[in-house]
Each structure stands twice: as structure tokens, then as C-alpha cells.
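Here the structure is laid out as C-alpha cells; the discussion comes afterwards.
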Number of protein chains: 2
Amino acid sequence: MTDSSKSPDAIASQLAHDGALVTDHLADYFDAMTSPATQLVEAMRYACLNGGKRIRAALCLSAARLAAPDDKQAFEGALMAASALEMIHAYSLIHDDLPAMDDAETRRGKPSVHIAFDEATAILAGDALQTEAFCLLSAPSSVLPSDRALRLVHELSVGSSASGMAGGQMLDLMAEALATSGKGFGVAETEQMQAMKTGALIVASPVMGAIAAGASDKLVSDLRAFATPLGIAFQVADDVLDVTADTTKMGKPVGRDKDQGKASFVDFYGLEGAKTYAHDLVQQSCDALAGYGAGANTLQMIAKFVINRSY
Amino acid sequence: MTDSSKSPDAIASQLAHDGALVTDHLADYFDAMTSPATQLVEAMRYACLNGGKRIRAALCLSAARLAAPDDKQAFEGALMAASALEMIHAYSLIHDDLPAMDDAETRRGKPSVHIAFDEATAILAGDALQTEAFCLLSAPSSVLPSDRALRLVHELSVGSSASGMAGGQMLDLMAEALATSGKGFGVAETEQMQAMKTGALIVASPVMGAIAAGASDKLVSDLRAFATPLGIAFQVADDVLDVTADTTKMGKPVGRDKDQGKASFVDFYGLEGAKTYAHDLVQQSCDALAGYGAGANTLQMIAKFVINRSY
């Protein structure tokens, strides 16, 4: 299963392969849901199966392969972790797009959930996707031993919490207010905010894959060191794309971060400076796994893909 | 600790005692949070420490006392479960009050979270409270063994899910649309919706307390049989209060359910019929624990309190 080739084509095909695995797993999961609230389940499905690069899932599955190559049961557990991560990511996008938040009418080239359905349904679909992520991880039928499953619940909840993703979104909203009031929001505050908003879940991704696969504490800790700069690099690359990409390819309006007065790494470092910074961060990421040889190639290639993507 | 006296005063004082325990536990928990997103934590705290009857917490703690009297460690675990339940309940109220949902400007006599803060903060505070409930239950420092903690995560997530609380809120919103379109929403649909919206978390409450305390499967199952009719009774009593109580005592506008075209048990059964129905349901609840003697008195008295309360 592990593709350790270093060509960009190989990594794109690995991402597509892992993305399809998780998408199928999620589709099966939604098919098995029996709630009479059919509109809610439809909105959850719409948000979760609406494309997306599945970077978090790929990081999770690749880390599991590094931790326990050829262990099918470990991989099954990691697939659950990957699905839970993508549910949390999808929930965060639904809520971020709401009128009271970023007010975005499209996502991945399609109407946002509150446009395709309505605002109340979007709020509830986000809520229920978050719940479902924890429901999935704690299912009694799971292949995961209780102690591993509980650690996954904890990693995912810490990553999504007021100290992680939700707190980062709050700081991002405050940053807009600070920018508008002329007080500004410096590079340190922006980096902290992005480490929480995007970084925390990016860090949780390989860590959860490794835990699901029964990795050593050393590997879990090295994967944290790998993913922490990657989380920032991810956002720096997003800021670069917000300036350079076109709306069609991104599937969402570009240039709007600047219009909204949002702090951007491009503002701080300039376009070329931001690109160099992203490159340096990814180098730090790759170095953190240098001791693992070819087994870490896929994770390192995903890190490089993150800053070289054009969408 | 167990107060098995049958007087209404004794049960009120038991509820106040358990409520204070959980409120203190929650306050300590928020004090220990270190997120730089201070406004978010403030809104979470505001929502969670804003009064409330703590019925779910009391059901949880009372079930733990029934399962393992005088077991302090079991009680500590149940206190965590009770706090997690109250966090989920608080999150659901924040989101239910949002303009796109029930559009309620007051809650427990004070401004709703989106009024006291703003809409974006309210959405995020609900999101983060849900996350924190799972974070708390899965904390590595917990007194709970992994398998029990994982079962608690599962009970709480199933109760909050698209098949439970979130799904019930969706059906409630659809019911309004059906009522407006003249298609109606019958007593069976209303009962199913309420069993999900309010009932699922009411059922999870004593079940989680019992699991935290290491109860037998038989007791867990009897507590489900106790709490299932109670969940409906809770809502029937709410519908009765919506007609009979005054706004000051309720801390939220009364009579508005009718104005919003919401299906009410009072519409189906009339005021006296609804009171009788609630009484019959609570009798079913109490009967489910008849075999447990005086140890079950507190739970049975809470059930009676639920339909005799005036707020």
C-alpha cells in the first residue's frame, strides 16, 4: 500500500487513493445512519462528500502506515480516525461559511451548506458532524482497543477546542475587529491564531493515525514535530494562493481575505518572502522525520505538496 | 450523601446541592482553561454558569449513588459525566436561541449568548462547549478507566447526535414549516421529535452516571426504562408551563411556542389531558425502578419534580 516514490505524480495519486478510501468510508457511514431527520443527514453528507483534498486523512493514513506497515487492523482503526478528522474539518467549514462568520456563499465550487439548505440546517449539520466524529471513534463495534480509541477522542477534541481550532477561529474574527479599529494584529498573533485555527487539526491528523496504529511515544512525538511547522506552512500557502490563484481553481472567492482586512502572511513578508517562509517550514517538517528513512517519504511528500498545490 | 427522604423540600435541596457541585466543577474547569481566545472562554462560561436547574446533572449523580453508594471514585467519575452533560445542554441552548433557530433574546432571565456577546461568538461558544464535553470525558488524568470513559463518550455522542438531540431540533424546525404549510405534524411525530430533542439527553443522564459508577447492565437498562418516559414527561411539562407560567419565573418568554405554530402536547390533549399524560409517564418512570427500594427514591422524586416544577 505504501507508495514511497518521490515523484509529484505519485504523491498526487497517493492522495487521490487515500481520499477515495476515506470518502467511501464516510459515504458508507452516512448510508448506515437511520435518523428520521433526513434533511439533517443530507446536509451532513453534502458537506462531507463535497470534494476536498483530504489532506488530513492522508496525513493520518500515511502516519499509520509508517507506524505499522502491513497491519490491516491498525489501518482500519486509522481509517476511522481519518473519517472523524474529515467530519470535524467539514463541520468547521460549514460554520466558518455562515453569514455571522466569514459569510461565504460557495465552497469547493458549490453552494455553501447554508445556501444549498438554509442557515438553521447548516448550524445543525455542523453540530451533528462534530458529534458524529466522536460517536464514530467511540463505537463499541470498533476494531480499536478502548485505550487507543479514548486517546483518539482526546487528540481530536483538544485539536478542535477553544485552545485549538475553535479558539483560532475566534481569534481570527477578533483580528478583523482589531484591524478595523486600527490596532493591528502582528505577525506573532497571526502565527498563534493560525497554529490554532488550522494547525491544531493538522497536527492531530498524523498523531491520530499513529495512535490508532499503536505507535511508540517517540514516533507520536516526532510526528507532532513534523506537523507543527506544516500547519503554519499550510496557512502561508493559503495566503499565497489567495493572491495568486484564480477563483475557479480554488472553488471559493480569492482575494477576499485582503478585502476583509484579514492579517495575511503575504502582508507581513511579501509574496516571495511568504513563499520562502513556507518552504523553510516544510523543510523543518521533513527534517523531523529524517530518522525514519524511506518509510517517511510519503509524509514528507505530502508536506511538500501542501505548499506547491495550486488549489 | 444520598437523601432518600420523600418530601418535596428535601428533593429541592438535593437538586440545589447537586447543582452546586456541578456548577463548582464547571467553574474550576473553565478557570483552568488557558486558551488565548478569552472572549470565547468567557462566552462558554457565561452559558454554562448561567443558572439552570441541572436536572441532567442530578439524574447522573443520583444514578451513580444508586449504582455505587459511598464509592468516592465512582462519584468523581459521575461528576465529570454530569459536567459533560451540562456542557452539551448549554451548547444546545446557545444554538437553539440563535436568530436562525428559535431567535430567543433571553434565557434564564438574562440575555442569550448571541445578545450578550455576538452571533459569531455564540456559534463558536456552542461549538467549543460540545468539544469540551468530549475533551473532559477523555482526559488522560481522569479517574475513569478507559473502557468506562469510552462508553460515556459514546452515550453522550449518541444522545446528542442526528438520531438524538440535533436530529430532534431539526425535526422541530421542520414541524414549524409543516404547520405553516398546513400539512400539520401529528402527535406521533411530535412525540418522536421530543424523544430525540429533549429525551435523548435525559436518557443519557442517569445512564452515564451509572456507567461511570460501574453499574451492571441490568441497572443501566432499567435506568433507560426509567428515563425514556421521563424525557417525554419533561417536554409535556414544558408545554404545560408555556401556557400556565409567567415569563418572570420561566426566565424566557412564555406562550411563544404557540405563536410560532409549534406542535404542543397541550394542543393535542388539552391542558388537563396533558397534565394527566405527564403524570402517567412519570408513573411509568417510577415503576421501572420499583425493584431498587429506597435507593431509587431520589431518582423517582426528581421525576416527580420534573412535572411539578413551576419554572
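Using only alpha-carbon positions, what ratio does the radius of gyration of the stretch A:266-311 give when scaled by 2.2 N^0.38 Å?
1.29
To one decimal place, what orientation-averaged projected area in nm² is obtained for the convex hull of the Cα set of the protein assembly as shown?
26.4 nm²
Considering the Cα positions of the stretch B:73-181, please state its Rg to one decimal place and its Dmax as a whole number of Å.
My reading of the Cα-based Rg and Dmax gives 16.0, 54 Å.
What gaps in nm, shortest first, separate B:Ser216 from its twins in the other copies when you place the label 7 Å past Cα toward the beta carbon?
Here the equivalent label points are 4.7 nm apart from this one.
How do A:80-92, A:225-237, A:112-124, B:217-229 rank on mean C-beta neighbours within 10 Å, highest first?
Per-residue Cβ counts within 10 Å, averaged per peptide and sorted highest first, yield A:80-92, A:225-237, A:112-124, B:217-229.
Quick check on packing: order B:98-110, A:185-197 by the mean number of other C-beta atoms within 10 Å, highest mean leading.
Top of the packing list down: A:185-197, B:98-110.
Please report the projected area of the stretch B:8-308's Cα convex hull averaged over all directions, in nm².
Averaged projected area of the stretch B:8-308's Cα convex hull equals 14.7 nm².
For the stretch B:70-114, place one equal point scatterer on every Cα, skip the solvent, and apply the Debye formula. What is log10 of I(q)/I(0) at q = 0.33, 0.34 Å⁻¹?
Rounded to two decimals, the profile gives -1.07, -1.09.
Between B:Asn308 and A:Lys53, what FRET efficiency comes out of the Förster formula 1/(1 + (r/R0)^6) with R0 = 51 Å and r the beta carbon distance, rounded to 0.05?
So, using R0 = 51 Å, E works out to roughly 0.35.
Grab the beta carbon distance between A:Ala16 and A:Gln73, set R0 = 25 Å, and tell me the FRET efficiency rounded to 0.05.
0.55
Give me the distance in nm between label points sitting 7 Å out from Cα along the Cα-to-Cβ direction at A:Thr106 and B:Arg224, one decimal.
4.8 nm
Along Cα-to-Cβ, 7 Å out, sits the label point; list in nm, shortest first, how far the one on B:Ala32 is from those in the other copies.
Those separations, rounded to one decimal, come out as 3.4 nm.
Enumerate by residue number the trypsin sites (Lys or Arg not before Pro) in the stretch B:10-96 meeting two conditions: DSSP loop (anything except H, G, I, E, B), and at most 16 other Cβ atoms within 10 Å of the site's Cβ.
Sites meeting the loop and neighbour criteria: B:Lys53.
Shielding by partners for A:140-148, please: the mean number of other protein chain Cβ atoms within 10 Å of each residue's Cβ.
Going residue by residue through A:140-148 and averaging, the value is 3.
Sticking to Cα atoms, compute the Rg of the stretch A:1-109 to one decimal and its Dmax as the biggest Cα-Cα distance, whole number, in Å.
15.5, 47
With 28 Å as the limit, write out which pairs from B:Lys53/B:Lys275; A:Lys218/A:Lys304; A:Lys110/B:Lys110; A:Lys197/B:Lys110; B:Lys218/B:Lys275; A:Lys110/B:Lys197 have Cα-Cα distances beyond it, or answer none.
A:Lys110/B:Lys110; A:Lys197/B:Lys110; B:Lys218/B:Lys275; A:Lys110/B:Lys197
Computed FRET efficiency, Cβ-Cβ of A:Asp118 and B:Glu189, R0 30 Å: what is it to the nearest 0.05?
So, using R0 = 30 Å, E works out to roughly 0.90.
Enter the mean number of other protein chain beta carbons within 10 Å of the beta carbon of each residue in B:115-127, as an integer.
The shielding value for this peptide is 5.
On a C-alpha basis, how far is the centre of the stretch B:262-311 from the centre of the stretch A:74-103 in Å? Whole number, if you could?
39 Å
Between A:His279 and B:Glu272, what is the spin-label point distance in nm, taking each point 7 Å from the Cα along the Cα→C-beta axis?
Placing both labels 7 Å along Cα→Cβ, they lie 8.5 nm apart.
Taking amide H positions as placed in the peptide plane 1.01 Å from N, state which residues far from B:Thr106 in sequence (5 or more) or on other chains have amide H under 5 Å from it.
B:Ser112
Kyte-Doolittle cut-off 0.5, length cut-off 27 Å along the helix's own axis using Cα: show which whole DSSP H helices in chain B pass.
Length and hydropathy pass: B:119-137, B:217-244.
Here, each number is a calculation from the coordinates, and none is a lab measurement. Predicted, not measured: the structure shown is a model, and the values here were computed from it. Glycine also receives a Cβ, built like all others from the backbone with ideal geometry; neighbour counts cover every protein chain displayed.
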